[in-house]
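We did not get these values from a lab; they are worked out from the coordinates using the rules stated. What you see is a predicted model, and the numbers here were worked out from it, not measured in a lab. We place every Cβ from the backbone using ideal geometry, glycine too, and count neighbours over all the protein chains shown.
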Amino acid sequence: MEPLVEAVAEYVRQTLRVYCQRSGYLFFDRVKKVESLSEKLEGGRIRKWSDIDDLYACTIVVPTAGHEPGVLRKLDACFNRINIRSRGTAKKAPEVFRFDTTRYYAQLPESAAEERAPGIERVTFEVQIATVFEYAWSTVTHDLVYKGDRVDWKKQRLAAQLKAAVEQIEMIIGAFEQVSIAVPESEWPEVATKDSIVERFQELIADGVISPSLAPVSWRRFADNVFALVASYTPNTYARAAAVNSLLDEFAKSWRQPDAPPCPESGSLFQMVLGHVGRSDTVGTLENHTVVNSIEIRDFYGLEQLSREFTFDGNSDASE
């Protein structure tokens with residue numbers, strides 16, 4: 001069977017590895033070793049050779065269980081589904097916490113089987129779909145608990161407790177928006193200030209003052225960068241919230257004026273903020289902030305002389 005199993009492994013690996021890389025998932029696989037197969041058969045639960053469904057098995061690790069339906073659609077499009085054991089379908093008492101990851105069983109499609117050795121179409125393989133936390137739990141506890149020289153009650157108990165913690169984490173992540181509402185809030189000025197940065201700039205975009213094309217990929221990162229810029233010229237921590245408000249008020253007023261220049265369609269929203277702060281007649285200064293220079297910085301905002309300019313040194317030849 002080894003040549004057939006290896007051929008199945010090669011086909012599945014080539015099919016799923018690219019998909020996982022493109023989707024940001026992790027991919028692991030293995031061909032079952034003879035020793036492991038022997039021990040499994042000796043367990044007495046398998047009645048015939050054709051019932052073995054994991055001579056080759058792989059695992060797709062997804063961020064959360066919400067990604068699972070998309071993975072199943074991909075698997076159904078690539079293989080012939082034989083069976084599936086979905087998470088949560090196995091019966092277990094409420095106080096029991098054990099391995100419960102979705103397992104998808106399939107065979108190669110006819111088009112792929114016809115091009116390979118006879119009999120390969122009957123080889124069933126397993127695809128586990130695990131979340132990051134499930135995979136971490138199973139990987140860490142498997143060797144610690146099941147590959148030891150003793151049967152240890154305390155280790156099995158601890159592994160079950162860790163699985164319970166994993167299930168709780170998964171539950172919280174799955175209902176993150178709803179659960180976050182119940183979290184008691186503690187006032188923290190920096191968070192409130194950064195949220196006001198996002199709110200004020202989104203308002204400018206909604207009002208048509210700023211082009212939507214300049215919206216940042218991450219509003220959270222944009223707010224962090226604006227706050228860091230203000231912090232570079234406001235050493236007093238307690239004065240930064242007021243300094244941010246002054247910048248936001250001044251920036252909005254200047255771009256809402258009837259005689260304001262046309263809003264740029266290229267570059268970035270943060271470059272607009274840099275251009276504003278870099279002027280001599282506005283609040284703040286760029287003296288202590290490292291700026292990544294660009295054509296937009298020079299042509300749109302007239303910033304020719306930068307006190308701290310980012311250097312693209314790297315490992316390239318300086319003469320190039």
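Below is a table of values for the structure above.
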read-out: CD proxy at 222 nm, helix term only [per DSSP H run n ≥ 4: -39500 (n - 2.57); per residue of the chain; nearest 500]; value: -14500 deg cm²/dmol
read-out: Cross-link pairs LYS74/LYS194; LYS32/LYS155; LYS48/LYS163 - those with Cα-Cα distance over 30 Å; value: LYS74/LYS194; LYS48/LYS163
read-out: Least to most buried among LEU306, LEU26, LEU274 (fewest other Cβ within 10 Å first); value: LEU26, LEU306, LEU274
read-out: Among ASN245, VAL31, VAL145 the positive-end extreme of the charge dipole of the chain (Cβ point charges); value: VAL145
read-out: Cβ charges +1 (Lys, Arg) and -1 (Asp, Glu), total dipole of the range 172-305, debye; value: 160
read-out: Value of Rg to Rh for the range 2-132 (Rh from inverse mean 1/r over Cα pairs, i.e. Kirkwood); value: 0.97
read-out: Given charges at beta-carbon only (K, R positive; D, E negative), |dipole| of the range 14-61 in Debye; value: 120
read-out: Positive-pole candidate from PRO109, VAL61, SER50, dipole of the range 2-132, charges at beta carbon; value: VAL61
read-out: 18 Å Cα-Cα reach of LYS40 towards aspartates and glutamates, excluding residues that sit fewer than 8 places from it in its own chain; value: GLU2, ASP51, ASP53, ASP54, GLU126, ASP143, ASP149
read-out: Order of LYS74, LYS194 - criterion: other Cβ atoms within 10 Å of each residue's Cβ, fewest first; value: LYS74, LYS194
read-out: Kyte-Doolittle at least -1.0, axis length at least 20 Å by Cα - qualifying DSSP helices, the chain; value: 2-23, 153-174, 189-206, 219-233, 240-256
read-out: For the range 178-244: Kirkwood Rh in Å [reciprocal of mean 1/r, alpha carbons]; value: 13.4
read-out: Per principal axis, descending, Cα span of the chain in whole Å; value: 84, 50, 41
read-out: Least to most buried among ASP143, ASP259 (fewest other Cβ within 10 Å first); value: ASP259, ASP143
read-out: Dipole in debye (nearest 20) - the chain, about Cα centre, beta carbon charges: Lys, Arg +1; Asp, Glu -1; value: 1660
read-out: The range 37-72 and the range 177-210: distance between their alpha carbon centers, rounded to Å; value: 45
read-out: Positive dipole terminus of the chain, leading residue within ASN288, ILE197, VAL209 (C-beta point charges); value: ILE197
